[in-house]
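Single-structure report; data block below.
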Amino acid sequence: MAARKPLIAGNWKMFGRMSDLGEIAALDAAIGAVASKVDALICPPAAFISAAASLAKGKGVLIGAQDCSAVSADSARTGELSAGMLADAGAAYVIVGHSERRTQHGEGNETVRQKADAGLAAGLTPIVCVGETRAERDGGRVAEVIGAQVRESVPAGAGIVVAYEPVWCIGGDRTPTAAEIGEVHSLIRSVLSERFGAEANGIRVLYGGAVAPKNAAEIFAVEGVDGALVGRASLKAADFSAIILAHPAAS
Ligand code: PGA
């Protein structure tokens, strides 16, 4: 089996302005030389996808969206963006089921799966996020919660990415231990294999939650971690490029 190409994805969330798109050019300058070995992705706010994609065209940085509608057909849905529109604007990936969408917008596994399916239908690569809360971890429910999320929100089909994002680490400064990350990644991979057989070997499983230049190398060294989904530290090219260059595949 060919090794999976690492993916290091940045989620800008609701931060930034058009003037911050210069960070994408700076990122390309810093990591362009390793783009054949590591996929580097920025998911800016949807308002900037088109401009970001024009800027990144032919460079070493891919552009993605942070969410999409669960509905693919053009229809009367004020404020919604279909996966097809995001692809048309230049997105190549779409994050679905981020814990902020799950909690702030009440999105459950079924909705997340519909969004991932919509992304696939539009030719986007969905990054499906899963992760347990602190209370679920303390209650010994990690396997149950993550297992259900992977079974119910990850669609069948090649070209999917899964991101393990423990909710209790997002936005903070602590990560699980390397052993804890490894345990969940191996659980995710076994559920994927159970569901998809050999096809699961091509699915990249990322870690996300408080990834920073100072801990990236340690996280990338964990067995089964195929890259990262990065929030705050993706906003500045200096931090994000340091994370990308910390991946062993980049050296
Ligand atoms: P963080 O966010 O890197 O700022 O902790 C991670 C995420 O929400 O994907």
Enumerate the calculated ³J(HN,Hα) couplings along the range 101-118 in order (Karplus 6.51 cos²θ - 1.76 cosθ + 1.60, θ = phi - 60°), each rounded to whole Hz, writing x wherever the residue is Gly or Pro. 6, 4, 8, 6, 10, x, 7, x, 4, 5, 5, 4, 5, 5, 5, 5, 4, 5
So what's the convex hull volume per residue for the Cα atoms of the chain, in Å³? 117 Å³
Sorted by chain and then number, the residues having a modelled amide H within less than 5 Å of the amide H of VAL211, at least 5 places away or on another chain, are GLY231
For a quick check: with amide H placed at 1.01 Å from N, whose amide H comes under 5 Å from ALA228's, ignoring anything fewer than 5 positions away on the same chain? LEU7, ILE8, ALA9, TYR207
Can you tell me which of ALA56, ALA198, ALA216 moves the most in a GNM of the chain? Springs connect C-alpha atoms under 10 Å apart. ALA198
Could you tally up the Lys pairs in the chain with alpha carbons closer than 22 Å? Skip any pair fewer than 8 positions apart unless they're on separate chains. 14
Among ALA217, ALA91, ALA163: highest mean-square fluctuation, GNM of the chain, C-alpha pairs under 10 Å: ALA217
Three-way shape call for the range 82-162 based on the alpha-carbon gyration tensor, with the a/c threshold at 1.5: prolate
Solvent-accessible heavy-atom area per residue, rounded to whole Å², over the range 7-235 at 1.4 Å: 41 Å²
Tell me, what is the percent relative contact order of the chain, built from C-alpha pairs under 8 Å that lie six or more residues apart? 21 percent
Assuming a ≥ b ≥ c are the square roots of the Cα gyration tensor eigenvalues, decide whether the range 1-82 counts as rounded (a/c under 1.5), prolate (otherwise, with a/b larger than b/c) or oblate. oblate
Classified through the alpha carbon gyration tensor (a ≥ b ≥ c as square roots of its eigenvalues; rounded if a/c is under 1.5, else prolate when a/b is larger than b/c, else oblate), the range 123-251 comes out oblate
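The values are calculated or read from the model by the stated rules, or taken from the named source; none is laboratory data. The shown structure was predicted, so the numbers you read here are calculated from the model rather than taken from an experiment. Accessible surface areas use protein heavy atoms only, side chains included; no ligands, DNA or RNA. Shrake-Rupley method; radii C 1.70, N 1.55, O 1.52, S 1.80 Å.
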